[in-house]
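The structure appears below as structure tokens.
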Ligand SMILES: Nc1ncnc2c1ncn2[C@@H]1O[C@H](COP(=O)(O)OP(=O)(O)OP(=O)(O)O)[C@@H](O)[C@H]1O
Ligand SMILES: [Mg+2]
């Protein structure tokens with residue numbers, strides 16, 4: 001499935017360390033293999049920018065929510081895909097991003113605390129949908145799952161199944177190659193070894209699912 005053009009993809013969750021920048025970076029690279037993209041670093045720490053620049057991807061840093069809200073439509077008409085990496089808080093920036101994106105990806109670590117705290121982002125999505133006639137589309141997924149902690153994973157899935165966002169079938173596991181990717185100025189798609197191949201396959205599956213939701 002080809003990406004629909006001129007779409008805005010956002011990775012949001014007010015919880016710090018959920019995996020937003022990691023996911024946004026991999027999504028940006030994955031989409032860049034199929035169409036023209038721009039990466040918007042709206043994370044106050046701007047940690048993903050050097051990683052994206054090293055990968056040769058066009059990157060813009062934005063720290064003002066009003067500016068982001070005003071400029072996103074023009075950017076999305078200029079590029080086939082705009083990928084926005086959101087901040088780790090529930091402030092104005094997250095609201096501006098949700099006010100403009102076509103689809104929100106919400107990574108969740110499989111711990112009870114994270115699942116509870118993502119209630120805020122779910123509420124934000126619900127409120128913005130009321131204002132935007134059902135937009136944005138949204139998909140949540142479990143990130144950094146420990147392969148052997150199957151009970152925790154099952155509990156996380158059960159908790160997320162009751163949330164109003166679509167739950168992805170794909171789980172992204174806690175893998176060293178994913179942690180190491182930005183430091184190596186790579187994504188798992190360019191890394192060698194069994195683990196990187198498995199991680200690349202999981203991201204590919206997740207992002208294809210995102211396109212399906214966007215098309216649907
Ligand atoms: N699936 C994963 N496997 C291994 N490490 C991961 C995975 N996802 C994220 N990490 C690691 O967890 C840490 C936090 O991830 P990341 O920076 O993507 O989170 P974030 O949501 O962008 O955080 P912030 O809210 O601070 O911007 C990083 O060190 C990252 O490498
Ligand atoms: Mg981040």
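For this structure, a couple of remarks:
- One decimal place: the segment residue 201-residue 169 gains 10.2 nm when fully extended, by the rule 0.36 nm per residue minus the C-alpha distance.
- Modelled FRET efficiency - R0 35 Å, residue 58 with residue 162, Cβ distances, 0.05 increments: 0.35
- By the beta-carbon count within 10 Å of each Cβ, the least crowded to most crowded order of 78, 186, fewest first, is 78, 186.
- Most fluctuating residue given options 28, 159, 138, as computed from a GNM of the chain linking Cα atoms under 10 Å: 159
- Calculated Rg and Dmax of the chain using C-alpha coordinates, Å: 15.9, 46
- The label point for residue 1 and the one for residue 184, both projected 7 Å from the Cα toward the Cβ, are 2.9 nm apart.
- Among 95, 148, 205: highest mean-square fluctuation, GNM of the chain, C-alpha pairs under 10 Å: 148
- Estimated distance in nm for a label pair at residue 35 and residue 95, the labels positioned 7 Å out from Cα along Cα-to-Cβ: 3.0
- Residue-averaged 222 nm ellipticity for the chain, from DSSP H runs of 4+ at -39500 (n - 2.57), nearest 500: -14000 deg cm²/dmol
Bear in mind these aren't lab numbers, they're just calculated from the coordinates by the rules spelled out. From a predicted model like this one, the values you see are computed outputs, not experimental measurements. Here the Cβ is made from the backbone with ideal geometry for all residues, glycine too, and neighbour counts use every protein chain on show.
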